[in-house]
Structures are given as C-alpha cells and as structure tokens.
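Just below is one structure, and these are the notes that go with it.
No value in this document is a laboratory result; all are computed from the given coordinates. Note that the coordinates shown come from a computational prediction; the quantities given were computed from them, not determined experimentally. Cβ placement follows ideal geometry from the backbone for every residue including glycine, while neighbour counts extend to all protein chains displayed.
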Amino acid sequence: MTTVLNLKGVCKRFGGVVVSDNIDLEIRSGEILGLIGPNGAGKTSLFNLISGVVPADAGTIVLGDRTLTGLPLYARARLGVARTWQHMRLFGSLSVLDNMMIAPSHYPGESLWRLITAGPSVKRAEAATRERAHGILARMKLEALADANVNDITFGQQKLVGLARALMSEGPLLLLDEPMAGVEGMAYETMRDIVREEAAAGRAVCVVEHNVSFIRDLCNSAVFMAQGRILERGDVTTLLESKTLAELYFGQ
C-alpha cells in the first residue's frame, strides 16, 4: 500500500488551548483508520487542519506527492481531500440530487465565462455529473429520493447523503467525521458497506467515531487521541483493550 496522507509535526493552538500537539500520522491507500478519543481530544480539529478549514501553526501535511500546508480549503478539495461533517452541512432548500450536483470540484459551470463561451462542454459535464450522482445514490439505496428535499428525508438518510456528496470527489482521501452518530439499521449497514468498498478501491479512509462497535466492525487499525496528542496506535482489538484508553476515554 502506498502512503496517501503524511503528517509531520503538525501543531495548532487557539490561545492557550493546544488542539494538535506535534502530530505525526500516516494513512495508506486501502486503509480504514479509526480516530478515537474523548470529546476535546482534537480529532475534528485534526480533520480541520488536514482539509484546510484552519491553518496549522507548524508542521507539514502531504497528500501523495503534493504538500497541502498553506493551501486553502478549496485547493485541497481539488487535490482530492473529501470529507463529511458532524452536522452534515446539507443545503436544506435543495433536493438530494442538487446537493450532489454542487459537490464536484472541477465543474466547468462554476465559471461564468466558461458557461457563456463553452455551452456544449458545460452541458456534457453536467450530464456526466448527473449520471455519476445517480450512480452513487443507487449504491446508497437513495435513488428513489433523488428529487426529494433533504429536509424531508430521515436523519439516517441525510447522513448517507452527506457521504454520497463526499464520494462525488474521486480523490484518494476520505475523512468521515462521526458518520454513525444517530444512524442505525439499514443506514448503518449501507454506510459500513460503502466505506469498505471505497477502501477496497484504493482510497485512504479516516473515521472519527464514538461508536466503538462501528470502529471494531470497520477499521483495520485505530489511533487513540487525548489533549491534542496521539497516545497510541495499533490494531483495533488491542487498542480497545488498552489501559490508557480505558482510563481516559471510559473514565475507569
């Protein structure tokens, strides 16, 4: 497996609060890495640093052979950093399909000049994007809801739409921020199966999740964080039996 994401010495503080303390982390293609730890451990902050929501104070972040450090969020998305969000950030006034259509990072219709001067190519790109969106929705078992407003579907279905939108990017890295919060039943099984398929296709996947059963069910390995630091990394079973995790995470 090749290295997709490599962090070296990544640091971030907000005033006196250190959210990332000299983080070293490597994620490889085909790997599903769980990121676990108590609230405030720095897990989502690390995702924000990788995706460019906030800049790092120090250290380097490399995706493949491209250095992400210093690049804005949109540039990192174009290079293939795709993520979901704890609170999904779906566009409530739009349909499920329209939420998908706005996701691609190289859509020519975003440029007014290209929209005016290259009408046929924009139409072809839109048709291809629409076809891809329908294909992903079919994988999610959501195709029948393509024209539904996202506010009118269940919470679990909204979570799946959030993942489906991230999959509109064909990049090498997928960051999932608490994808299973409030999800159960068929939506749980669909989410798990899709993530496995993406990893099998070569994506590097990193999952922030408090659902320990999901981490155990899904991930090849896991990292335990607390107070902005990576304390341990290993296979999921061994890590979940760690005394350090039990004391800091479960309060035992």
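Please rank 214, 14, fewest neighbouring Cβ atoms within 10 Å first, as an exposure proxy.
14, 214
Semi-axes of the equivalent ellipsoid of segment 1-95: what are they in whole Å, largest first, if each equals the square root of 5 times a C-alpha gyration tensor eigenvalue?
Equivalent ellipsoid semi-axes, largest first: 21, 19, 15 Å.
Could you work out how far apart the two model spin labels at residue 39 and residue 24 are, taking each label as a point 7 Å from the Cα in the direction of the beta carbon, and quote it in nm?
My value for the distance between the label points is 3.3 nm.
Describe numerically, in nm with one decimal, the distance between label points set 7 Å from Cα along Cα→Cβ at residue 138 and at residue 65.
Result: 3.6 nm between the two label points.
Which FRET efficiency value, to the nearest 0.05, do you get for residue 148 and residue 89 by plugging their Cβ-Cβ distance into 1/(1 + (r/R0)^6) with R0 = 22 Å?
After rounding, the FRET efficiency stands at 0.75.
For segment 76-92, just list the computed ³J(HN,Hα) in residue order, Karplus coefficients 6.51, -1.76 and 1.60, θ = phi - 60°, integers in Hz, with x standing in for Gly and Pro.
Values, residue by residue: 5, 4, 5, 7, x, 8, 10, 8, 10, 10, 3, 9, 6, 6, 6, 8, x Hz.
Do you know the relative contact order of the chain, to the nearest whole percent, from alpha carbon pairs under 8 angstrom that are 6+ apart?
Contact order relative to length: 29 percent.
Please identify every one of the GluC sites (Glu not before Pro) in segment 162-205 that sits in a loop by DSSP and has no more than 15 other beta carbons within 10 Å of its own beta carbon.
Sparse-neighbourhood loop GluC sites (Glu not before Pro): 170, 184.
Under the definition of Cα pairs under 8 Å and six or more residues apart, what whole-number percent is the relative contact order of segment 150-252?
Across segment 150-252, relative contact order equals 20 percent.
I want to check a number: in the chain, how many lysine pairs have alpha carbons closer than 26 Å, given a sequence separation of 8 or more or different chains?
Within the chain, the lysine pair count is 5.
What is the spread of the Cα atoms of the chain along each of their three principal axes, largest first, in whole Å?
The Cα atoms of the chain stretch 59, 41, 36 Å along their principal axes.
On full extension of the chain, what length is gained from residue 242 through residue 73, given 0.36 nm per residue of separation minus the C-alpha to C-alpha distance?
My answer for the length gained is 57.3 nm.
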